[in-house]
Ligand SMILES: C[S@@+](CC[C@H](N)C(=O)[O-])C[C@H]1O[C@@H](n2cnc3c(N)ncnc32)[C@H](O)[C@@H]1O
C-alpha cells in the first residue's frame with residue numbers, strides 16, 4: 001500500500017512494452033499510461049501531436065492530471081528554447097517514494113532522475129522556474145471544481161479513461177477547457193471515443209481523429225476555432 005498524499009491507495013510500478021515505467025492502480029484496474037509504451041504514448045499524443053505542432057515562441061500549457069510528471073518532463077526536453085509556462089493540475093499528488101521507484105529504471109540518466117525529483121519536490125501552488133525558459137506551476141486541485149483563468153495555447157488532457165472516470169469527460173469539463181483556451185488553442189488526448197468526440201464538438205471544438213500510439217488505432221486533437 002502506498003500513500004498518495006491524502007489517501008491510501010494501492011499502486012504498483014510496472015514496466016510498459018517500450019521499457020518505460022508506468023503506474024497501475026488496482027482499485028481502478030487502470031494504468032497511468034498505455035501498457036504498450038508509456039513514453040511512446042506521451043511522445044505521440046502530447047509532444048508530437050501537441051507541442052511540436054505549435055510554432056509560437058511562447059506557450060502556456062495546461063495538463064489534466066499531472067501524475068508522474070512525464071508530460072512536463074518531455075515538454076521541457078522538446079521545447080527547444082520556447083518560453084513555456086506549464087500548469088499541471090492534480091487531485092492526488094504522488095508521494096516521493098512512488099516517484100523514486102518509478103525513476104529507478106535504466107531509462108533515465110542521473111541528470112534526468114534529478115530533474116524528476118526537483119519537479120516533484122517543488123511546492124504545490126507556487127510558480128517557479130524549473131528549467132531555463134520553463135516556468136512550472138503544479139496545483140493540487142480537482143478539475144471538476146477549479147476555476148481556470150485561461151489563455152492556454154495547449155491542453156494535455158490525460159485523465160483516466162472515460163469508463164473509469166466518466167465525470168472527467170463531461171460537457172461541463174470540456175466547456176471549461178474550451179473557455180480556458182485561446183482562439184486557435186489545441187487540446188490533445190489519447191482517447192478517440194465517439195461519445196467524447198461528440199461532447200467536445202458540442203462545446204464548440206473542431207475535432208480531428210489522428211493515428212494513435214501503439215495499441216490505439218486513433219487519438220483526438222480538438223481545436224478552438226479562431
Ligand atoms: C491517466 S493518469 C495520467 C497522469 C500523468 N499525465 C502522467 O503522465 O503520469 C490521470 C491523472 O489524473 C489525476 N486525476 C484524477 N482525477 C482528477 C481530478 N478530478 N482533478 C485533477 N486530476 C485528477 C490522477 O490522479 C492521475 O494522476
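Where a number appears in this text, it was derived from the coordinates with a stated rule and is not lab data. Just so you know, these numbers come straight off a predicted model, no measurement behind them. Don't worry about glycine lacking a Cβ; one is built from the backbone with ideal geometry, like all the others, and counts go over all protein chains shown.
Work out how much length residue 140 to residue 218 would gain on full extension: take 0.36 nm times their residue separation and subtract the Cα-Cα distance, in nm to one decimal.
Once the chain is fully extended between residue 140 and residue 218, it gains 25.0 nm.
Between residue 12 and residue 95, what length comes free when the chain is fully extended (0.36 nm per residue of separation minus the Cα-Cα distance, one decimal in nm)?
28.6 nm
Taking only C-alpha pairs under 8 Å that are 6+ residues apart, what is the relative contact order of the chain in percent?
The normalised contact order for the chain reaches 19 percent.
For the chain, give the share of DSSP beta bridges that are antiparallel, in percent and rounded to the nearest 5; count only bridges with both residues there.
DSSP beta bridges in the chain are roughly 50 percent antiparallel.
Could you please state, rounded to a whole Å, how far the C-alpha centre of the stretch 20-42 is from the C-alpha centre of the stretch 112-152?
The distance from the Cα centre of the stretch 20-42 to that of the stretch 112-152 comes to 21 Å.
Using 7 Å Cα-to-Cβ label points, what is the residue 83/residue 110 separation (nm, one decimal)?
With each label placed 7 Å out from Cα toward Cβ, I get 3.5 nm.
What share of all Cα pairs of the stretch 100-164, in percent, falls into each consecutive 10 Å distance bin?
For the stretch 100-164, the binned pair fractions read 15, 36, 37, 11 percent.
What is the extension gain from residue 121 to residue 53, computed as 0.36 nm multiplied by their sequence separation minus the C-alpha to C-alpha distance, in nm to one decimal?
21.4 nm
Taking 7 Å along the Cα-to-C-beta vector as the label spot, tell me the residue 29-residue 172 distance in nanometres, rounded to one decimal.
2.7
Please work out, to two decimal places, the log10 of the ratio I(q)/I(0) at q = 0.13, 0.19, 0.20, 0.24 Å⁻¹ from a Debye calculation in which every Cα of the stretch 104-207 carries one identical scatterer.
-0.62, -1.06, -1.11, -1.29
What is the spread of the Cα atoms of the chain along each of their three principal axes, largest first, in whole Å?
Result for the chain: principal-axis Cα extents of 43, 38, 32 Å.
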